[in-house]
1. Being on the phi > 0 side of the Ramachandran plot and surrounded by fewer than 24 Cβ atoms within 10 Å (Cβ to Cβ): is that true of Arg360 here?
2. Can you give me the number of residues within the stretch 382-402 that are hydrophobic (A, V, I, L, M, F, W, C) and either assigned to a loop (DSSP other than H, G, I, E, B) or surrounded by fewer than 22 Cβ atoms within 10 Å (Cβ to Cβ) (or both)?
3. Within the stretch 120-163, how many residues are assigned to a strand (DSSP E or B) and closer than 30 Å to Pro304 by Cβ?
4. Based on this model, can you work out whether Gly99 counts as more than 9 Å from the ligand (Cβ to nearest atom), in contact (Cβ under 8 Å) with a residue 40 or more places away in the chain and either within 26 Å of Ala58 (Cβ to Cβ) or not in a helix (DSSP H, G or I) (or both)?
5. Within the stretch 359-378, track down each residue that is part of a loop (DSSP other than H, G, I, E, B) and within 19 Å of Ile7 (Cβ to Cβ).
6. May I ask you to list pairs of residues, at least six apart or on different chains, whose Cβ atoms are under 6 Å apart, with the first in the stretch 299-323 being under 17 Å from Gly8 (Cα atoms) and the second being assigned to a helix (DSSP H, G or I) and within 16 Å of the ligand (Cβ to nearest atom)?
7. Could you check how many residues of the stretch 212-221 are surrounded by 24 or more Cβ atoms within 10 Å (Cβ to Cβ) and in contact (Cβ under 8 Å) with a residue 60 or more places away in the chain?
8. Which number in (1) within 11 Å of the ligand (Cβ to nearest atom); (2) closer than 28 Å to Ile229 by Cβ; (3) at pLDDT 95 or above; (4) in contact with a strand residue (DSSP E or B) (Cβ under 8 Å, 6 or more places away or on another chain) marks the one condition that Glu189 misses?
Amino acid sequence: MDRLAIIGGRPLFGEAPISGAKNSALKVMVASLLTDETLTLSNVPRLADVDMLMRLLAQHGVEQSFDNGALTLRARNITSTEAPYDLVRKMRATFNVLGPLLAREGKAKVSLPGGCAIGARPVDLHLKALRAMGAVIELDEGYVLAEAPDGLHGANISFPFVSVGATEHAILTATLAKGETVLSNAAREPEIADLADCLIAMGAKIEGAGHSTIRIEGVERLHGAHHEILPDRIETGAYVMAVGVTGGELFLKNARLELLGAAASVLADAGLEIIEEDNGLRVKRGGERCQAIDIVTQPFPGFPTDLQAQFMAMMATSEGVSGIKELIFENRFMHAPELARMGAKISVDGQTATVRGVSRLKGAPVMATDLRASMSLVIAGLGAEGQTIINRVYHLDRGFERLEEKLSACGALIERIKGEG
Ligand code: EPZ
């Protein structure tokens, strides 16, 4: 297993290009199953998760080519309606093939998903939505067996709480269901509107994506289209926080401020200057250290759970005491003990972590536990005195494109050590 070695203490200067959003690309790729024509996507990040989904789509019969961010997908014929355990267990987004396979072929067998170990992460809301549209669903030996003997139909679906994945799954499926589907209490994350934009370009009728009520009028068929994936707001936030820890000045090419939601004002209150420029954001740290701020993770436009770990790394060396409440996932503080190995003063009580800022962390060997937690260790390492070794880097490869290359280009001392560890 590869490791990362970082020598901390150097401010970051230069330009870091922000890649296409992983969590949008993964859902938009699944949309290719809904048509026998070609879907061409641009600005697709080359990540382990994207490769994994490509493998799954290939075994459903999707022809594909990937060249320099341009991904072409064509599901001329669906050759298998089964998504096996081995391809679904590692990544939750793969579960979203269930509804599209069902909508197009009338049946599907999909393994229950895995993903980062950040909580129980059930799929009951996904199944509730599909059942409301007429799917007959059984669970058998870890698989979801679904059939739609009379086809799928529109439905009124009210989610008891906000789920990004269930909202996307319902939208994808409803595009080919007969009649109107109305989703209430839908997720409002920018990736939802990006998925809807792609589906609309394919001929779907969708109104309200990005709001909590979304209406989808089913159509007979969808056709090919081209769609550009929006920039990754979580990568953007992570690089902003890196500057919060190291100081310096970065231009984040392609980044968009509005995608940060509440995180933009939190970062500004913490002492980061984020300036909108043509085609990107410029980021500087106002003072010697950032200021402690309290946050609560919430669905968009609230502070994103996917930036909580990185924010904790930034708070570890900020001035004052920060309270961090994680309300989306029940087990998303695994980075806290790793940051503590580097000298961070963090106490965790249930869903709340209290971080007492210290002036400097010290490099140490640490373990990446999930994707965003791994990035928090990178950020901490960039600011720490001495060397940090991050084990289990494969987590980072799932979601941060060309990380070492981008950071090295901005002056960081970071390198990958190949092999065992
Ligand atoms: C998406 O996961 C993202 N993943 C996650 O990013 C992100 O943390 C999350 O949304 C919240 O923003 C992808 O887009 C691939 P949810 P998702 O359904 O869709 C519970 C990353 O690091 N729930 O909004 O799985 C669930 O357990 C990843 O890139 C149910 O109880 O998140 C959680 O507590 C990690 N039943 C809450 O809802 C369900 O049927 C929100 O989950 C579905 C969800």
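1. Values: on the phi > 0 side of the Ramachandran plot: no; surrounded by fewer than 24 Cβ atoms within 10 Å (Cβ to Cβ): yes.
Taking the combined requirement at face value, the residue does not satisfy it.
2. Step one: filter the stretch 382-402 for residues hydrophobic (A, V, I, L, M, F, W, C), giving 382, 384, 389-390, 393, 396, 400.
Retained after the next criterion (residues that are either assigned to a loop (DSSP other than H, G, I, E, B) or surrounded by fewer than 22 Cβ atoms within 10 Å (Cβ to Cβ) (or both)): 384, 389, 393, 400.
So the answer is 4.
3. Here is the first cut: in the stretch 120-163, the ones assigned to a strand (DSSP E or B) are 136-140, 143-147, 153, 156-158.
Retained after the next criterion (residues that are closer than 30 Å to Pro304 by Cβ): 144, 156-158.
Of the residues in that region, 4 qualify.
4. Numbers: more than 9 Å from the ligand (Cβ to nearest atom): yes; in contact (Cβ under 8 Å) with a residue 40 or more places away in the chain: yes; either within 26 Å of Ala58 (Cβ to Cβ) or not in a helix (DSSP H, G or I) (or both): yes.
Taking the combined requirement at face value, the residue satisfies it.
5. Keep residues of the stretch 359-378 that are part of a loop (DSSP other than H, G, I, E, B), which gives 359-361, 363-364, 368-370.
Listed by number, the residues that qualify are Ser359, Arg360, Leu361, Gly363, Ala364, Ala368.
6. Gln310/Ala238; Gln310/Met241; Gln310/Met375; Gln310/Ser376; Gln310/Ile379; Ala313/Ser376; Ala313/Ile379; Met314/Met241
7. Keep residues of the stretch 212-221 that are surrounded by 24 or more Cβ atoms within 10 Å (Cβ to Cβ), which gives 214, 216.
Next cut, in contact (Cβ under 8 Å) with a residue 60 or more places away in the chain only: 216.
Residues in the stretch 212-221 being surrounded by 24 or more Cβ atoms within 10 Å (Cβ to Cβ) and in contact (Cβ under 8 Å) with a residue 60 or more places away in the chain: 1 in total.
8. Only one criterion is unmet by Glu189, namely (4).
The values are calculated or read from the model by the stated rules, or taken from the named source; none is laboratory data. All values derive from a computational prediction rather than experimental measurement. Don't worry about glycine lacking a Cβ; one is built from the backbone with ideal geometry, like all the others, and counts go over all protein chains shown.
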